[in-house]
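The block underneath contains the structure these notes are about, expressed in structure tokens.
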Amino acid sequence: MPTLEERMVENIDDLEARLIEREEFLDITPQMSEYIEMMEKYLLKLEERVVKIEKQMREEYIPIHITAN
């Protein structure tokens, strides 16, 4: 599965070739192949958001030390 960055720079011929390859490999319709492509892209974007939020939380995290007497 290509990364989000790779998908952004690929040309239409590469995309169509990947869609056709998926159709043949999974024996699915062109519409299903396009749907899977859309879902892969969505998951990659979601992963990117999660990584960004995790990084932000690490940077903003202020540890609280509790001491007991």
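Here are some notes:
- Ranked packing of 29-41, 6-18, most packed first, by mean Cβ within 10 Å: 29-41, 6-18
- Most positive-pole-ward Cα, T29, P2, I12, against dipole of the chain from beta carbon charges: P2
- Cα-centred dipole magnitude for the chain, charges only on beta-carbon of K, R (+1) and D, E (-1), debye, nearest 20: 640
- Net length gained if the chain between T67 and L19 were fully extended (0.36 nm per residue, minus Cα distance): 11.4 nm
- Whole-angstrom gap from the range 41-59 to the range 1-33, using each part's C-alpha centre: 24
No value in this document is a laboratory result; all are computed from the given coordinates. None of the values given here were measured: they were computed from a predicted structure. Note that each Cβ is placed from the backbone with ideal geometry, even for glycine, and that neighbours are counted across all protein chains shown.
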